[in-house]
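What follows is a set of notes on a single structure, which appears directly below.
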Amino acid sequence: MQKHHESVLAKEILQHLHPREDGLIVDGTLGNGGHTELILKNTAPGLRVLGIDRDEQAIERAGKRLAPFRNRVTLIHGNFSDIKNILKKANVMNVDGLLLDLGVSSPQLDSPERGFSFMRNGPLDMRMDSTQKTTAADLLVKLSDEELVLVIKEYGEERFAKRIVRAIRKAQEQNPITTTLQLSNIVSGVTHTPRPAKIHPATRTFQALRIAVNNELEHIKSALSDSLKVLSASARIMVISFHSLEDRIVKNFFKDEEKGCVCPPRLPVGACGHKTRLKIITRRPVTPASEEVKRNPRASSSKLRVAERVYV
């Protein structure tokens, strides 16, 4: 029997789901199918799940894993940021829950040929959807020095961004940078610190390029916005993030949509027409228990935020 990677915050997802017995849940980041399997195993037989993933390999893997639930699950190759159109094509008007797990899946990290890992050699790819054209190697060529510094600084929150870009350009004078270990070694060579680092020196640079290649932050914003158009009353949106950029977007979106009027205080009468559309369920992000982190170290940085759709 194939051993599957453990889905993060599994117990916490079930605690906050609150589905209708005959409802429809969307798993917008299907991955290996772990969260979907968890939901199907622990809910009424009338509940269905629609799983979406931009990675065709993930769809194939999840399809095999979820075969015992074939009558309750539908899998679609697509991007969660396009959820409104995906549901429209599936003749679905509203859903009773939405789950987004924003992390890179373990199979993606563990497959050197996908180009996500700075620890294993492979092509410098990083595309979550292999049908798209631009790879991380392409970005290193296409972006100007200023653009590349901005990407690494903003998306990787890397304080050595300028130093890293200078090293990349110097290396490119000799040979194209086409593999993960090439880039990892270049970055590691110029980011020495007096104290041992808590993370690998290339972590932030790889994160930045991955975000840029896949346009991740814009997709998150789009999905959150469209979720309000498809969630039924009292349906919950659950988002698992893995770094501060993702978490900040989710946190601020939930806060903004819990507000009513957003007009400046100096205006005597609210004219914006904005209404409360979400109720925050988790005032602070839910983090994994120490036991889970011991079993699955990749869960250590995960944070879960949950909100509920309201109509006023």
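Laboratory data are not the source of any read-out in this text; all were calculated from the coordinates shown. What you are looking at is a predicted structure, and each value in this text was computed from that prediction instead of being measured. Here Cβ is always computed from backbone atoms with ideal geometry, including for glycine, and neighbour counts include all displayed protein chains.
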For the chain, the fraction of alpha-carbon pairs in successive 10 Å shells from zero, as %
6, 25, 32, 23, 12, 3, 0
With +1 on the Cβ of every Lys and Arg and -1 on the Cβ of every Asp and Glu, and nothing else charged, how large is the dipole of region 111-214 about its Cα centre, in debye rounded to the nearest 20?
360 debye
Treating the beta-carbon of each Lys and Arg as +1 and of each Asp and Glu as -1, no other charges, what is the dipole magnitude of the chain about its Cα centre, to the nearest 20 debye?
640 debye
Farthest toward the dipole's positive end in the chain, which of H16, T131, G63, given Cβ charges of +1 (Lys, Arg) and -1 (Asp, Glu) about the Cα centre?
H16
Placing +1 on each Lys and Arg Cβ and -1 on each Asp and Glu Cβ in region 111-214, then taking the dipole about the Cα centre, the residue among L140, I164, A212 whose Cα reaches farthest towards the positive end is I164
Any chance you could check the Cα centroid distance between region 51-118 and region 130-146 for me, in angstrom?
24 Å
Note, ³J(HN,Hα) from phi for region 111-122, Karplus 6.51, -1.76, 1.60, rounded to Hz, x at Gly and Pro:
9, x, 5, 7, x, 8, 9, 8, 9, 10, 7, x
For the chain, what is the mean residue ellipticity at 222 nm derived from helices alone (per DSSP H run of n ≥ 4: -39500 (n - 2.57); sum divided by total residues; nearest 500 deg cm²/dmol)?
-11500 deg cm²/dmol
How much net charge surrounds N252 when only other residues with a Cβ under 12 Å from its Cβ are counted (Lys, Arg +1; Asp, Glu -1)?
+1
Under 10 Å, Cβ to Cβ, from G34 - net charge with Lys/Arg +1 and Asp/Glu -1:
-3
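List the pairs from K170/K303; K11/K255; K142/K198; K41/K259; K84/K303 whose alpha-carbon separation is above 27 Å, in the order I gave them. Walk me through the intermediate numbers first.
Working: K170/K303 38 Å; K11/K255 25 Å; K142/K198 31 Å; K41/K259 36 Å; K84/K303 25 Å.
With Cα atoms farther than 27 Å apart: K170/K303; K142/K198; K41/K259.
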